[in-house]
1. I need every pair where a residue in region 236-265 that is modelled with pLDDT under 75 has its Cβ under 7 Å from the Cβ of a residue that is surrounded by 10 or more Cβ atoms within 10 Å (Cβ to Cβ) and not polar (S, T, N, Q), sequence separation at least 6 or different chains.
2. When you look at residue 161, is it within 20 Å of residue 224 (Cα to Cα), surrounded by 14 or more Cβ atoms within 10 Å (Cβ to Cβ) and over 14 Å from the mean Cα position of the chain (by Cα), yes or no?
3. Under 24 Å from residue 178 (Cβ atoms), at pLDDT 95 or above and part of a helix (DSSP H, G or I): which single residue out of 65, 146 fits that description?
4. Anything in region 217-235 that is surrounded by 13 or more Cβ atoms within 10 Å (Cβ to Cβ) and either touching a Ser or Thr at 6+ places or on another chain (Cβ under 7 Å) or in contact (Cβ under 8 Å) with a residue 60 or more places away in the chain (or both)? List them, or say none.
5. Do we have any residue at all in region 75-89 that's at pLDDT 95 or above and on the phi > 0 side of the Ramachandran plot?
6. Looking only at region 103-130, filter to residues that are touching a Lys or Arg at 6+ places or on another chain (Cβ under 8 Å) and of a type in the set (S, T, N, Q); which one of those is surrounded by the most Cβ atoms within 10 Å (Cβ to Cβ)?
7. Here is a check on your reading of the model: is residue 133 touching a residue at least 12 places away in the same chain (Cβ under 8 Å), under 27 Å from residue 240 (Cβ atoms) and surrounded by 19 or more Cβ atoms within 10 Å (Cβ to Cβ)?
Amino acid sequence: MLYNVGMSNGDVAYIASESWRVFKIMSEFVDGFESLAQLPPAVSVFGSARTPVHDPVFAQAVECGRRIAEHGYATVTGGGPGVMEAANKGAFEAGGCSVGLNIALPHEQDPNPYQSMKLDFNYFFVRKVMFVKYAKAFIIFPGGFGTMDEFFESLTLIQTLKIDPFPVVCVGSKFWGGLHEWIKTVMRDEYKTISPEDLDLVTTTDSVEEAVQIAHEFITGKKLAPERYYAQVPEDAKRISGEGTREGVKSRRSAPIIPPNEPGN
C-alpha cells in the first residue's frame with residue numbers, strides 16, 4: 001500500500017518511475033538471455049582496458065582467444081579495448097564466436113571491432129550475470145578494479161556454493177603473486193577469514209596454453225572441481241535458477257529472543 005499523505009506530486013511521480021524502471025532492467029535481462037542462450041560453451045576473459053597493443057599481455061590475450069576458438073568455445077569479454085580487444089581479436093581471427101558485453105559509461109567505452117556478437121548494457125549487475133551464467137571458466141589477465149571485481153565475485157559465488165564451481169585461472173604470476181600471497185598470509189593464516197581449501201579455487205600460471213587447457217579439461221569433464229563444492233549442497237538446494245545460480249535454502253524466522261529480565265528467563 002502506498003501512503004502518499006504529505007507527499008508532493010513530484011514525490012509520487014518519482015516513486016511511480018522507480019517501479020517502471022524494473023521493465024528497463026528486465027529488458028536487458030531478456031536481450032542477454034535470448035542472445036547468449038545460443039552460444040557454445042563459453043570462456044569469459046577479463047583484463048585491463050588500458051593494456052596497449054605492444055604490451056606482451058596483449059599478445060597473450062590474443063593467443064588466449066585463438067586457443068579458445070580452436071577448441072570450439074565462445075570467447076566472452078567486456079567488449080572494450082586492451083585485453084578485451086585482444087581476446088576478441090584472437091577468437092575473431094580464428095573464426096570463433098567472439099562476444100562483447102559492452103557497458104554504457106559516462107566516458108564512452110570504445111567497442112573493439114572484433115565482436116561477432118555485440119550486446120550493450122546500461123547496468124553493470126545485469127552484465128555481470130551474463131558473464132557468470134554463460135561461462136564455463138574465467139581466465140583473468142592483469143587488470144584494474146573492474147577485473148578484481150569479476151575475480152572476487154566469481155570466488156564469492158563458488159565459495160558460498162551459490163553457483164556450480166568452475167575454473168578461475170589468473171595469467172601472470174608477477175602481477176597476481178603479491179595478491180595471492182596476501183590472501184594466504186593475511187586472510188587465511190593471520191585473520192582466518194577464509195578456509196584453507198578456498199585457495200584451491202584459483203590457479204595462477206604464466207602459460208596461456210595451460211590456462212585454456214584447464215578450461216578445456218573442465219568443460220569436457222576430464223577434470224572437475226573438488227567434490228566438496230558439490231557434496232556440501234543439500235539436494236533440495238541444488239536446483240539451478242534461471243539466472244544460473246543455485247536456488248539454495250531460504251532463511252527461516254528464528255525464535256524470538258526473550259530479554260533477560262522478562263518472565264520466563
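The values are calculated or read from the model by the stated rules, or taken from the named source; none is laboratory data. Keep in mind the model is a prediction, meaning the values are calculated, not measured. Virtual Cβ from ideal backbone geometry, glycine too; neighbours counted across all protein chains shown.
1. Final answer for the pair search is 264/258; 265/258.
2. Values: within 20 Å of residue 224 (Cα to Cα): yes; surrounded by 14 or more Cβ atoms within 10 Å (Cβ to Cβ): yes; over 14 Å from the mean Cα position of the chain (by Cα): yes.
Answer is yes for this residue.
3. Being under 24 Å from residue 178 (Cβ atoms), at pLDDT 95 or above and part of a helix (DSSP H, G or I) holds for just one of 65, 146, which is 146.
4. 218, 219, 225, 229, 230, 233
5. yes
6. Here the answer is 112.
7. Spelling it out, residue 133 is indeed touching a residue at least 12 places away in the same chain (Cβ under 8 Å), under 27 Å from residue 240 (Cβ atoms) and surrounded by 19 or more Cβ atoms within 10 Å (Cβ to Cβ).
Rundown of residues vs (1) among the β-branched types (Val, Ile, Thr); (2) crowded, with 16+ Cβ neighbours inside 10 Å; (3) under 17 Å from the mean Cα position of the chain (by Cα); (4) within 18 Å of residue 206 (Cβ to Cβ), yes/no style:
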residue	(1), (2), (3), (4)
51	yes, yes, no, yes
55	no, yes, no, yes
59	no, no, no, yes
65	no, yes, no, yes
72	no, no, no, no
75	yes, yes, yes, no
